[in-house]
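A short write-up of the structure that comes next.
The values are calculated or read from the model by the stated rules, or taken from the named source; none is laboratory data. In this text the structure is predicted, and so the values were computed from the model without any measurement. As a convention, Cβ positions derive from the backbone with ideal geometry for all residues, glycine included, and neighbour counts pool all protein chains shown. To get the accessible areas, we keep the full protein, side chains included, count just its heavy atoms, and leave off ligands, DNA and RNA. Shrake-Rupley method; radii C 1.70, N 1.55, O 1.52, S 1.80 Å.
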Amino acid sequence: MFKFIYVIIMNLFRAPYIIPKMRREADHPEKYSVEERYSLAKHVIRLMKVSGAIHTKAYGEEHLPQEGGYMMYPNHQGKYDALGIIYTHPTPCSLVMDRAKSNTLLVKEFVDLLEGKRLDKKDVRQALTIINEVAEEVKKGRRYILFPEGGYDFNNRNNVCDFKAGSFKIALKSKAPIVPVALVDSYKVFNSLFCLGPVKTQVHYLAPIYYEEYGSLKTQEIAALVRDRIKEKIDSLHLS
């Protein structure tokens, strides 16, 4: 929490320039390519990482499908999770986010810059519309991040909670590969009281699960399958 405040304060002098730039590119996708907007998002994350002494190492990039769209389903630890994935993911990707949390300063700019989707958990009809929209975009080649835990505990300590089955309707509708993503120590960045110095986090892209493997399963079974693979990876690291 203190590191989050510290990073914000350390970058306040950049706000009058960087936020309008993000807003301008987000509002005019006809002028700025997906690659240009993604590059700007990564640049902003890099500024936050440098000022906060945040070091993120990615593993398993070779597992990411080279062509076509896919869904990334990570465990959820805190505010830095999506930033760590976006920064390490080699090609443009977007995210599905809870509408209630998506309209604060800077978060709004990130979501709009990446043409992310805002899902209203309290509105079943709106949520179904978003699910269908994302599924169609994934079919056309887009890559999305969706956190199936739906939330996170403060000072998570690398625990993996149950995954919500409904999160996997997009994968079933799009028939696209599922890429489990194991996040390690991500909670230490902005969701721990005690990590005020340099922080190291890990992003592990696991082997994709293709439709041929999960297509006959129920969403509850897919949720358990993805969660188990992420937990198995985290457990294998023997974290202290």
Next on the checklist: Under the rule that an exposed site lies in a DSSP loop and has at most 13 other Cβ atoms within 10 Å, name the longest stretch of the chain with no GluC sites (Glu not before Pro) of that kind, not counting the sites themselves.
Outcome noted: 68-240
Checklist outcome for this item: Regression test value, accessible area per residue of the chain, probe 1.4 Å, units Å², expected 50 Å²
Checklist outcome for this item: the stretch 150-236: spread of alpha-carbon positions along the three principal axes, whole Å, largest first, is 46, 21, 21
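What's the extension gain from Asn155 to Asp123 if we count 0.36 nm per residue and subtract their Cα-Cα distance?
Extending this stretch completely gives an extra 8.6 nm.
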Item to check | Alpha carbon convex hull of the stretch 14-84, projected area averaged over orientations, nm² | outcome: 6.4 nm²
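What per residue convex hull volume, in Å³, do the alpha-carbon atoms of the stretch 107-160 yield?
Per-residue hull volume (Cα only) is 119 Å³.
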Checklist entry - If contacts are Cα pairs under 8 angstrom and at least 6 residues apart, what is the relative contact order of the stretch 147-196 in percent? => result 45 percent
Checklist entry - What are the DSSP H helices in the chain that stretch 18 Å or more along their long axis, judged by alpha-carbon atoms, and whose average Kyte-Doolittle hydropathy comes to at least -1.0? => result 34-52, 124-139, 219-236
Checklist entry - Given the stretch 1-40, what whole percent of its Cα pairs are spread farther than 17 Å? => result 45 percent
Next on the checklist: Under a Cβ-only charge scheme (Lys and Arg +1, Asp and Glu -1), can you give me the dipole magnitude of the chain about the Cα centre, in debye to the nearest 20?
Outcome noted: 600 debye
Checklist entry - Between Lys21 and Asp98, 0.36 nm times their residue separation minus their Cα-Cα distance comes to what? => result 25.3 nm
Checklist entry - Any idea which of Ala82, Ile19, Leu146 is furthest toward the positive side of the dipole for the chain, if Lys and Arg beta-carbons carry +1 and Asp and Glu beta-carbons -1? => result Ile19
Checklist entry - Per the 1.4 Å probe, what fraction of the accessible area of the stretch 1-80, in percent, lies on carbon and sulfur atoms? => result 62 percent
Next on the checklist: Defining a contact as two alpha carbons under 8 Å apart and six or more residues distant in sequence, what relative contact order in percent does the chain show?
Outcome noted: 28 percent
Next on the checklist: For the chain, give me the percentage of DSSP beta bridges that are antiparallel, rounded to the nearest 5 percent.
Outcome noted: 20 percent
Checklist outcome for this item: So Asp228 and Leu12, fully extended at 0.36 nm per residue minus their Cα-Cα distance, gain in nm 73.7 nm
Item to check | Alpha carbon centroid spacing (whole Å) that separates the stretch 164-227 from the stretch 43-82 | outcome: 12 Å
Checklist entry - Please identify the chymotrypsin sites (Phe, Trp or Tyr not before Pro) of the stretch 143-240 that satisfy two criteria: DSSP loop assignment and at most 10 other Cβ atoms within 10 Å. Which are they? => result Phe194
Next on the checklist: Cross-link candidates for Lys31: which lysines have Cα within less than 25 Å, leaving aside residues fewer than 8 places away along the same chain?
Outcome noted: Lys21, Lys42, Lys108, Lys117, Lys139, Lys140
Checklist entry - Across the chain, how large is the tail of the calculated P(r) beyond 31 Å, expressed as a percent of all Cα pairs? => result 19 percent
